[in-house]
Amino acid sequence: MPSDSALRIVWIYPDLLSTYGDQGNVLVLEQRAQRRGIPTETYHVRSADPVPEGGDVYLIGGGEDRPQILAAQRLRRDGGLHRAVARGAALLAVCAGYQIMGTTFGGEEGQPVEGLGILDIASSRGPARAVGELVAEVDVALNLPTLTGFENHMGVTHLGPGVKALSKTVVGVGNGDGFEGCYAGHVVGTYLHGPALARNPALADLLLSWRVGELPPLDDSRYEALRQERLAAVLPA
Ligand code: GLN
């Protein structure tokens, strides 16, 4: 990791976990940092490569069951993501990536597969595929606007006492218990695809602020118009 002044963004395993335009989350983070005058350096870490420990914000995306299992095995063996999170790096983990952060998740036959244990969550196979729009009211402590996006997963996720729910599900399934996603320290897990940060730029700013402090606001009127349009389309009248 060469430069000390740039914000280092690390995209974990794009070759295994990037099913729903997860690269969009990387682009949104880069753009929102750069528009505040913060230079960025982005690292695409393929699954054959070691995970660098000196990053600022890590992203891991969604994927099919088999690549998800492979990613969990490799990340466990590598240990770099554990060490980065222990040093205070921010991490956004989406869907398959979210499930991997827990102690266990359901494999392709529903068998329990060992996760990384970075988040105090456990996932298993749910009764039916959750697919469609997702709307969720964020935990007041985080002070973020209502999240909107899309979900597509079989897993349900049980939150342990070591994490807080990210949000309360208004439309959709999320964790399957009335809540959607979770957070602990500088780690956020979510079932929101979309990509989630293009739909919810305030979430991108939360991750950035954990590394660089308070950020000046940007003109987000176009994002806000999209959010209002989606809310009007999916919320019950
Ligand atoms: N394979 C996981 C599930 O079905 C994650 C799916 C995804 O990332 N979209 O629950």
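Derivation of every value follows stated rules applied to the coordinates shown; laboratory data play no part. Just so it is clear, the structure is predicted and the values come from calculations on it, not from any experiment. Heads up, the Cβs are rebuilt from the backbone with ideal geometry, glycines too, and the neighbour counts pull from every protein chain shown.
Would you tally the net charge around Glu151, using a Cβ to Cβ cut-off of less than 10 Å, leaving Glu151 out, and scoring K and R as +1, D and E as -1?
-1
Among Pro195, Thr103, Gly174, whose Cα sits farthest toward the positive end of the charge dipole of the stretch 82-236 (+1 at Cβ of Lys/Arg, -1 at Cβ of Asp/Glu, about the Cα centre)?
Selected residue: Thr103.
Take the alpha carbon gyration tensor of the stretch 115-237, find the square roots of its eigenvalues, order them as a ≥ b ≥ c, and report rounded if a/c is under 1.5; if not, report prolate when a/b exceeds b/c, else oblate.
oblate
Sticking to Cα atoms, compute the Rg of the stretch 118-160 to one decimal and its Dmax as the biggest Cα-Cα distance, whole number, in Å.
So, for the stretch 118-160, Rg and Dmax equal 12.5, 32 Å respectively.
With +1 on each Lys and Arg Cβ and -1 on each Asp and Glu Cβ, and nothing else charged, work out how big the dipole of the chain is about its Cα centre, in Debye to the nearest 20.
So the magnitude is around 160 debye.
Using only DSSP helix segments of four residues or longer, with each worth -39500 (n - 2.57), what per-residue ellipticity at 222 nm results for the chain after dividing by its residue count and rounding to 500?
-8500 deg cm²/dmol
What is the stretch 3-108's relative contact order, in percent, from Cα pairs under 8 angstrom and six or more apart in sequence?
About 33 percent, as a whole number.
If you plug each phi of the stretch 106-115 into the Karplus form 6.51 cos²θ - 1.76 cosθ + 1.60 with θ = phi - 60°, what whole-Hz ³J(HN,Hα) values come out, in order, with x for Gly and Pro?
Each residue's phi maps through the Karplus curve to give x, x, 5, 9, x, 5, x, 10, 6, x Hz.
For the chain, calculate the relative contact order in percent as a whole number, restricting contacts to Cα pairs under 8 Å that are 6 or more residues apart.
The value is 19 percent.
I'd like to know how the stretch 28-169 sits against the 2.2 N^0.38 Å rule of thumb: what's its Cα Rg over that expected value?
After normalising by residue count via 2.2 N^0.38 Å, the value is 1.09.
Would you pull out the residues with amide H under 5 Å of Tyr43's amide H, same chain only if 5 or more places away, H placed 1.01 Å from N?
For Tyr43, whose amide H was placed from the backbone, the distant partners under 5 Å are Ile9, Val10, Trp11.
Once you compute Rg and the Kirkwood Rh from C-alpha atoms, what is the Rg to Rh ratio for the stretch 65-133?
Ratio value, two decimals: 0.99.
Give me the net charge for the shell around Thr103: Cβ to Cβ below 10 angstrom, other residues only, Lys and Arg +1, Asp and Glu -1.
-2
Report ³J(HN,Hα) in whole Hz for each residue of the stretch 85-93, in order, from the Karplus equation J = 6.51 cos²θ - 1.76 cosθ + 1.60 where θ = phi - 60°; Gly and Pro get x.
5, 4, 7, x, 4, 8, 9, 10, 10
What net charge is computed for the residues neighbouring Asp65, neighbours being all others with C-beta under 11 Å from the C-beta of Asp65, Lys and Arg scored +1, Asp and Glu -1?
That sum, taken over residues with Cβ under 11 Å, equals -1.
What are the ³J(HN,Hα) values, in whole Hz, obtained from phi via the Karplus relation 6.51 cos²θ - 1.76 cosθ + 1.60 with θ = phi - 60°, for each residue of the stretch 71-80 in sequence order, with x given for Gly and Pro?
Each residue's phi maps through the Karplus curve to give 4, 5, 4, 5, 5, 5, 5, 5, x, x Hz.
For the chain, what does the equivalent ellipsoid look like in terms of its semi-axes, each the square root of 5 times an eigenvalue of the Cα gyration tensor, given largest first in whole Å?
Ellipsoid semi-axes (Å, largest first): 24, 24, 15.
If you average the alpha carbon positions of the stretch 49-98 and of the stretch 152-202, how far apart do those two centres end up, in angstrom?
17
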